[in-house]
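In what follows, a single structure is set out as structure tokens and then discussed.
Here, each number is a calculation from the coordinates, and none is a lab measurement. All figures in this text were calculated on a predicted structure; none of them were measured in a lab. Note that we place each Cβ from the backbone using ideal geometry, even for glycine, and neighbour counts take in every protein chain shown.
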Amino acid sequence: MAKKGISPIVATLLLVALVVTLSSVIFITARQFIGEVVTKNGMPAEQACEGISLSAIYSGGELQLTNNGDIPVHKFTAGVTSLSTGDFEAMPYEEAILAGGSASVSIFDASAIEITPWVLGENDEGQSAVFECTDKVFIAEIY
């Protein structure tokens, strides 16, 4: 009985396909752990976030935000603690607040509100990208 194996060409093609597949899996996995670099006005977005200064006042179901800084806020997230249930909910708002400008949104049944701003910048490819300023959280004054 004659034993036959695979030809060297087929073996090489299988080996190349295996290497390409493993390289792709490693690249995709590693890319998830490396954050996208976002810049705003030529500086890292983290640094741009330091220029944001918001004042937030909550009264009668209305949250009034004023941007006292020199960096425009592209949008923001309001972390709202419910007055009646005590549950916490993060509510995204697509409301832009220019430097020196203000915005008002309706929020009902809130005992505490935390505001997290987002800035609009550019990624490595020069495309628009948003960045959440997680180190810059503002607490609304409740009246």
Next item on the list: Give me K3, K40, K75 ranked fewest to most by other Cβ atoms within 10 Å of their Cβ, as a rough exposure proxy.
Entry: K3, K75, K40
Notebook entry, point to check: What are the residues whose amide H is under 5 Å from the amide H of I139, where those residues sit 5 or more places off or on another chain and H is modelled from the backbone?
Noted result: I115
Notebook entry, point to check: Listing T134, T116 from the residue with the fewest other Cβ atoms within 10 Å to the one with the most, what is the order?
Noted result: T134, T116
Margin query: 5 Å is the cut-off here: which amide hydrogens, built 1.01 Å from N in the peptide plane, fall below it relative to A110, excluding neighbours closer than 5 in sequence?
Written below: L83
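Find the relative contact order for the range 39-142 and round it to a whole percent, using C-alpha pairs within less than 8 Å whose residues are 6+ positions apart.
30 percent
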Item checked: Value of [θ]222 nm, deg cm²/dmol, for the chain, DSSP H segments ≥ 4, -39500 (n - 2.57) each, nearest 500 -> -7000 deg cm²/dmol
Check: Could you list log10 I(q)/I(0) for the chain at q = 0.15, 0.19, 0.21 Å⁻¹, which the Debye formula gives when each Cα is one point scatterer?
Finding: -0.80, -1.06, -1.18
Margin query: Can you pull out the GluC sites (Glu not before Pro) in the range 42-97 whose DSSP state is coil and whose Cβ has at most 16 other Cβ atoms within 10 Å?
Written below: E50, E94, E95
Next item on the list: Could you compute the FRET efficiency for T66 and V130, with r as their C-beta to C-beta distance and R0 at 35 Å, rounded to 0.05?
Entry: 0.95
Note to self: Could you tell me which residue out of Q127, P92, V105 lies farthest along the dipole of the chain toward its positive end? Charges go on the beta carbon: Lys and Arg +1, Asp and Glu -1, centred on the Cα centre.
What the structure shows: Q127
Note to self: Output the 0 to 90 degree angle, nearest 10, between the alpha-carbon long axis of helix 8-33 and the longest principal axis computed from the alpha carbons of the chain.
What the structure shows: 10 degrees
